[in-house]
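See structure below.
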Amino acid sequence: MADLEISPLTAQPAAVREALLALNNANARETSYLTPGGWDALVAATFSATCVGSRAFLTALDQDADYEGQNFNWFRDRYERFVYIDRIVVDGRLRGQGVGRLLYEDLFRRMREADQELVGCEVNLSPPNPASDAFHLRLGFVEMGRATLKGQVKSVCYFVKSLDLN
């Protein structure tokens, strides 16, 4: 994995950003479909948006983000300060090789630098995503709630993790 470099998504050329949008949309069942304008707006609102070339990415928002979404608002309604992982997508050919963990560890580093202690995310219950459940539990996330998303058949589990800032 030494050749896997994490870099800011905004620093990528247009072709890489377009490939990452296509990767997102190929995994829309787990994330959600985005138009090019929606992708640009999401990236512009992030606390952190990082990628591994065009093969993996993570977007995270903090409590001050100009963003509306039922899952994000679940955290906003409950926590004064937090970072919300909106989406992480790893190309199927890289799954199981630690890329997701690298992206999370990079986010945790950025959070510590910003004195952000609480990180949250949601994982699909329906449709189920047991690999993501196991991944988050291994990283020390704990379940804090569940919801059925309005206007959808999707239900989610909300996870949080508190970082050691020392």
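Scanning the range 118-150 for residues being in contact with a Ser or Thr (Cβ under 6 Å, 6 or more places away or on another chain) and either closer than 21 Å to Arg81 by Cα or at pLDDT 95 or above (or both) gives a total of 2. Residue pairs whose Cβ atoms lie under 6 Å apart, separated by 6 or more positions or on different chains, with the first residue in the range 33-56 and in contact (Cβ under 8 Å) with a residue 60 or more places away in the chain and the second not in a helix (DSSP H, G or I) and not charged (D, E, K, R), are Phe47/Ala60; Phe47/Leu61; Phe47/Val83; Ser48/Ala60. Just one of (1) on the phi > 0 side of the Ramachandran plot; (2) part of a helix (DSSP H, G or I) fails for Asp115. It is (2). Just wondering, is there one or more residues in the range 121-132 that are charged (D, E, K, R) and closer than 18 Å to Leu58 by Cβ? Yes, there is a match, as at least one residue in the range 121-132 is charged (D, E, K, R) and closer than 18 Å to Leu58 by Cβ. A residue that is farther than 16 Å from Ile88 by Cβ and surrounded by fewer than 18 Cβ atoms within 10 Å (Cβ to Cβ) can be found somewhere in the range 43-55.
Checking the condition hydrophobic (A, V, I, L, M, F, W, C), touching a His at 6+ places or on another chain (Cβ under 8 Å), under 21 Å from Arg101 (Cα atoms) and surrounded by 16 or more Cβ atoms within 10 Å (Cβ to Cβ), which residue from Phe141, Phe135, Phe159 passes? Of Phe141, Phe135, Phe159, the one residue that is hydrophobic (A, V, I, L, M, F, W, C), touching a His at 6+ places or on another chain (Cβ under 8 Å), under 21 Å from Arg101 (Cα atoms) and surrounded by 16 or more Cβ atoms within 10 Å (Cβ to Cβ) is Phe159. When residues in the range 1-19 are screened for being free of Cβ contacts under 8 Å to residues at least 60 places away in the same chain, surrounded by 12 or more Cβ atoms within 10 Å (Cβ to Cβ) and of a type outside the set (Lys, Arg), 8 of them pass.
Residue pairs whose Cβ atoms lie under 7 Å apart, sitting 6 or more positions apart in sequence or on different chains, and linking a residue in the range 97-118 that is closer than 18 Å to Phe72 by Cα to a partner that is of a type in the set (Lys, Arg) and exposed (fewer than 14 other Cβ atoms within 10 Å of the Cβ), are Gln116/Arg81; Leu118/Arg81.
Which of the residues that make up the range 150-166 are outside any strand (DSSP E or B) and out of contact with any Asp or Glu (no Cβ under 9 Å at 6 or more places or on another chain)? Lys150, Gly151, Gln152, Val153, Lys154, Asn166 - these are the residues of the range 150-166 that are outside any strand (DSSP E or B) and out of contact with any Asp or Glu (no Cβ under 9 Å at 6 or more places or on another chain).
The values are calculated or read from the model by the stated rules, or taken from the named source; none is laboratory data. Model, not experiment: these values are computed from the prediction. Ideal geometry is used to build each Cβ from the backbone, glycine not excepted, and the neighbour counts take in all protein chains shown.
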